[in-house]
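The values are calculated or read from the model by the stated rules, or taken from the named source; none is laboratory data. Treat the numbers as computed from the prediction; the structure is a model and nothing was measured. With ideal geometry, Cβ positions are generated from the backbone for all residues, glycine too; neighbour counts draw on all protein chains shown. When the accessible area is computed, the model is the full protein with side chains, heavy atoms only, and any ligands, DNA or RNA have been set aside. Shrake-Rupley method; radii C 1.70, N 1.55, O 1.52, S 1.80 Å.
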Amino acid sequence: MTTGATPTTPEALRARTRDLLTAHPPARTDRTAFLRARFDAGLAWVHYPPGLGGLGAPRTLQAVVDAELEAAGAPDNDPRRIGIGLGMAAPTILAYGTEEQKQRFLRPLWLGEEVWCQLFSEPGAGSDLAALATRAVLDQDAGDWIVDGQKVWTSSAHNARWGILVARTDPALPKHQGITYFLCDMHAPGVEVRPLRQITGEAEFNEVFLTGVRIPDTHRLGAVGEGWAVARTTLMNERVSIGGMRIPREGGMIAPVAAAWRERPELRTHALHQRLLELWVEAEVARLTGERLRQQLAAGQPGPEGSGMKLTFARLNQEISGLEVELLGAEGLLYEDWTMRRPELVDFTGRDAGYRYLRAKGNSIEGGTSEILLNIVAERVLGLPPEPRDDKDTAWKDLSR
Amino acid sequence: MTAPTAPTAPADLLYSEAEEELRTAVRALLAARCDARTVLARAETGRPHDPALWHTLAAEIGTAGLLVPEKLGGQGAGHREAAVVLEELGRAVAPVPYLTSAVLATEILLGCDTAEAAALLSELASGSTVCTPAVPLTLAPGAPLPAPVRDSGGGTLTGTVDAVADAVAAGVLLVPADTGLYAVRAEDATVTPLVGLDLTRPLATVALEAAPGIRLADPAAARAAVAGALLSAAGLLASEQVGLAEWCLTETVAHSKGRYQFNRPVGSFQALKHRMARLWLDVASARAAARAAADALATGAPDAPLTVAVAQAYCSGVAVRAAEECVQLHGGIGMTWEHPAHLYLKRAKADSLALGTAGHHRGLVADFAELPAP
């Protein structure tokens, strides 16, 4: 590939992308080979450092590269399937990893050769993540950590090669202090992944049982006891990835309801009409709010509205899919399939209203419950006083659970 | 000036630097001359309008002519700028005839292609004349134009119109009649103040008895001009509602931080925090909807009628909810006459009827989005 001065202008990036396409014509190049060449050209995520799939260019310029590649019909790395790796593991490894860890993990992660999962939530630690009870004890002789505990709601665990894991390494400290962050080999002895069947009948998530799992100290990310700060990096990146898409008018969940309304006049009632119009208006306003947020970001004036978009979309998805089931009348009594399946993706499109209705219930729970997000808006955006709490200065072992 | 008909780029939903400068000027004026105590004191005299404030706002800052082309003495700006002015006026529940004179009447006159209309526009743009259309404040875009006024021959007009906003401050009334649109001097009409729900945008009954009028447009042109003006005004009213809602939220948050009960600021109770957080979300969303409407009107976007209907269907409810929450979350003080919350609640509720209710605008959405009633 061309080398020399790091290109950080749109023109230079466009030229570099075309060089890649010339050297590896997508039509005649194996998918993995193309993706590997793209990574090595620094065009995977241009804001990453050279040698790690990037060029140290401004993050916003990725769009230039993506547009060129899309126009040329280049293969992509299936970002929806490997979203946890791309969106959460990678930025955390970049921020806290050793040079060896970055070299070892980022390339196969980006290529999708190694799928990642997130071993954070536990049965007793959901919104209160820092209450986690999974233990990691250092075996001084072997230099390994021995991990015991249970994780839950783990998407992709059954496909994952690696997991980002938070575990308690000092129960005598207050709960935010005694946590350490690890990169867990999902093929290690003692890792057991069990499907967790959900409200939809599918097992999109898993329970993960960790029994005497050995993690070498070289797979610790960040310092011992600093896991909470590392986890915050992961969680902040999780929030960034929500709500950033541009959708067309009447895109999203409102589309199938509006289509059913137009195509099937026999389903129409006045009461449903009023509710449909209210939700259509709210969906359009949510679209405009998201668009305004995007424009603020593009203008370098990030607003706090992003904190709220997930709340809005969760509520709308639930209300709209609920209306849709009702609109369908007798057909709304039916469900597409209760067979337990293990989907790789959450895909609302192409599914029946009943599935959408049930799956959307998770939208106000996953990635931060609506109640927690409202607290965040109230405290960080409006500056309202925090809830009084007595868990911050108490040793974790002395907290009630 | 002409409407681009090609598919357009996404609406610009931000504020430009010039718009922010305009906001700063209007806000500073209102902070100095139009605080809540002053507004309430004027309302209690039965003469809510402050002509001196109007003169400064309209003429010195030049807001009255924002929608008027420069060749007619205006600023040649547009709906985006007028929307910013209305945000600030809403934030202050300012008792000035901006929506009626600088928006509704101005837009009607811009739709009339006559020398008389042009002359009147110049007076409006300079702020020297206040003009209000003799239609009920509830008249909505898309609704049939009522014609209670009849031409009794030779341009002398007879009839009565109820619930005309700001007529008590007007020098000229724009009167739709069966034979067209007329300009009538206020002294040739009988303007009887009504006791309105909203203390800051006064209503009156306008009665005409063989009143002389100057014809500005024939019936078809009058209908089109009024329809266009109602669309613009409804779209810009959304910005007034955003400003109003934002004041309610800001005041409520400030109160909640300083008011202690059970040895804690009440704003630390989750039940209250969540209500304010939801309100903040609603206001942020209303702002996006109102900006979209202002931008669609400014650019003459083909989907402006839909965008305006969406903004009105949404922002009315947000303003009312914000004002209602403001009263509730202030506790007892929110129910008092001395606290300004009631001025905002009354304006918000009246605004939700003005220029079409949310339900009316949802009906328009149904038409534009092809989601027909059963």
Taking the alpha-carbon centre of each part, the distance from segment B:87-121 to segment A:326-388 in Å is 46
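Run the accessible area of the protein assembly as shown with a 1.4 Å probe and give the carbon-and-sulfur part as a rounded percent.
Details: 17730 of 32460 Å².
It is 55 percent, rounded to a whole number.
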Given all pairs of distinct Cα atoms, segment B:186-326 yields a Kirkwood Rh in Å of 18.1
When every protein chain stays in place and a 1.4 Å probe is rolled, B:347, A:220 sorted by accessible area with the largest first are A:220, B:347
One would report the Cα pair-distance distribution of segment B:134-189, bin width 5 Å, in %, as 4, 19, 31, 27, 14, 5, 0
Taking a ≥ b ≥ c as the square roots of the Cα gyration tensor eigenvalues, with a/c under 1.5 meaning rounded and otherwise prolate when a/b beats b/c or oblate if not, segment B:1-131 comes out oblate
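D for segment A:316-391, whole µm²/s, Stokes-Einstein with Kirkwood Rh over alpha-carbon pairs at 25 °C and 0.890 mPa s: what number?
Numbers: Rh = 15.1 Å.
Translational D for this selection: 163 µm²/s.
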For residue A:59 the rounded accessible area (nearest 10 Å², probe 1.4 Å, non-protein molecules ignored) is 150
Here the residues of segment A:102-132 lying in the modelled label zone of residue A:389, meaning backbone nitrogen under 15 Å from a point 7 Å along Cα-to-Cβ, are A:125-132
Note: residue A:81 to residue A:400 extended length (0.36 nm per residue) minus current alpha-carbon separation gives 111.0 nm
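Can you give the alpha-carbon Rg of segment A:1-127 over 2.2 N^0.38 Å, where N counts its residues?
1.11
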Under the Karplus relation with 6.51, -1.76 and 1.60 and θ = phi - 60°, whole-Hz ³J(HN,Hα) for segment A:83-91, x at Gly and Pro, equal x, 5, x, 5, x, 10, 5, 4, x
Filtered hits (lysines, Cα-Cα < 18 Å from residue A:310, offset >= 8 within chain) -> A:361, B:273
Along principal axes, largest first, the alpha-carbon spread of chain A in whole Å comes out as 74, 61, 47
Taking Cα atoms only, helix B:219-258 is inclined relative to the longest principal axis of chain B by an angle, in degrees rounded to 10, of 20
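Report the percentage of all Cα-Cα pairs in segment B:316-365 whose separation exceeds 13 Å, rounded to a whole percent. Could the numbers behind the result be given before it?
On the way: 681 of 1225 pairs.
Everything past 13 Å amounts to 56 percent.
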Answer check: segment A:38-87, Cα atoms, Kirkwood Rh, Rg/Rh ratio of 0.96
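With a sphere of radius 10 Å drawn around the Cβ of residue B:351, what net charge do the other residues whose Cβ falls strictly inside it have (Lys, Arg +1; Asp, Glu -1)? Don't jump to the answer; show the numbers that get you there.
Numbers: positive: B:201, B:346, B:347, B:349; negative: B:198, B:240.
Surrounding charge for residue B:351 is +2.
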The simple spin-label model distance between residue B:185 and residue A:270, using points 7 Å out along Cα→Cβ, in nm, is 5.0
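Could you order B:352, B:16 by accessible surface area, starting with the largest, using a probe radius of 1.4 Å?
Values: B:352 15, B:16 45 Å².
The residues order as B:16, B:352, largest area first.
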With label points set 7 Å from each Cα along the Cα-to-Cβ direction at residue B:205 and residue B:113, the distance between them in nm comes to 3.9
Rounded to the nearest 10 Å², the 1.4 Å probe accessible area of residue A:247 is 50
With R₀ set to 56 angstrom, the calculated FRET efficiency between the beta-carbons of residue B:41 and residue A:341, to the nearest 0.05, is 0.20
With all protein chains in place and a 1.4 Å probe, residue A:339 shows an accessible area in Å² (nearest 10) of 80
If one compares the long axis through the Cα atoms of helix B:304-329 with the longest principal axis of the Cα atoms of chain B, the angle in degrees, nearest 10, works out at 40
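Taking only C-alpha pairs under 8 Å that are 6+ residues apart, what is the relative contact order of segment A:126-267 in percent?
Numbers: 239 pairs, mean separation 34.0, N = 142.
Rounded, it is 24 percent for segment A:126-267.
When only the heavy atoms of the protein chains count and the probe is 1.4 Å, how do B:122, B:152, A:156 rank by accessible area, highest first?
Numbers: B:122 45, B:152 75, A:156 20 Å².
From most accessible down to least: B:152, B:122, A:156.
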Within the protein assembly as shown, cysteines having no neighbouring cysteine beta carbon under 4.7 Å are A:117, A:184, B:34, B:112, B:131, B:315
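May I ask for the net charge around residue B:44, where only other residues with Cβ less than 12 Å from the Cβ of residue B:44 are counted and Lys, Arg are +1 while Asp, Glu are -1? All intermediate terms of the calculation are to be shown ahead of the outcome.
Values: positive: B:37, B:42, B:47; negative: B:338.
Residues near residue B:44 contribute +2 overall.
Over chain B, what is the mean sequence separation of C-alpha contacts under 8 Å (at least six apart), divided by residue count, expressed as relative contact order in percent?
Details: 743 pairs, mean separation 68.9, N = 374.
With pairs under 8 Å counted, the relative contact order is 18 percent.
So if R0 is 56 Å, what FRET efficiency would residue B:218 and residue A:250 give, r being the distance between their Cβ atoms, rounded to the nearest 0.05? Walk me through the intermediate numbers first.
Working: r = 39 Å, r/R0 = 0.70.
Efficiency at R0 = 56 Å is approximately 0.90.
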To the nearest 10 degrees, the tilt of helix B:358-368 (Cα long axis) against the first principal axis of the alpha carbons of chain B is 60
Expressed to one decimal in nm², the mean projection of the alpha carbon convex hull of the protein assembly as shown is 38.6
For residue B:60 and residue A:194, extending 7 Å from Cα along the Cα-Cβ vector and measuring point to point gives, in nm, a value of 7.7
Scaled by the rule-of-thumb 2.2 N^0.38 Å, the alpha carbon Rg for segment A:90-226 gives a ratio of 1.02
Under the helix-only model (-39500 (n - 2.57) for each DSSP H run of 4 or more, divided by the residues of chain A), the mean residue ellipticity at 222 nm, to 500 deg cm²/dmol, is -11500 deg cm²/dmol
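Please work out whether segment B:170-250 counts as rounded, prolate or oblate from its C-alpha gyration tensor, where a ≥ b ≥ c are the square roots of the eigenvalues and a/c under 1.5 means rounded, while otherwise a/b larger than b/c means prolate and anything else oblate?
On the way: a/c = 3.59, a/b = 1.53, b/c = 2.35.
The shape class here is oblate.
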If one builds a Gaussian network model of chain A from Cα atoms under 10 Å apart, the most fluctuating residue listed among A:74, A:130, A:203 is A:74
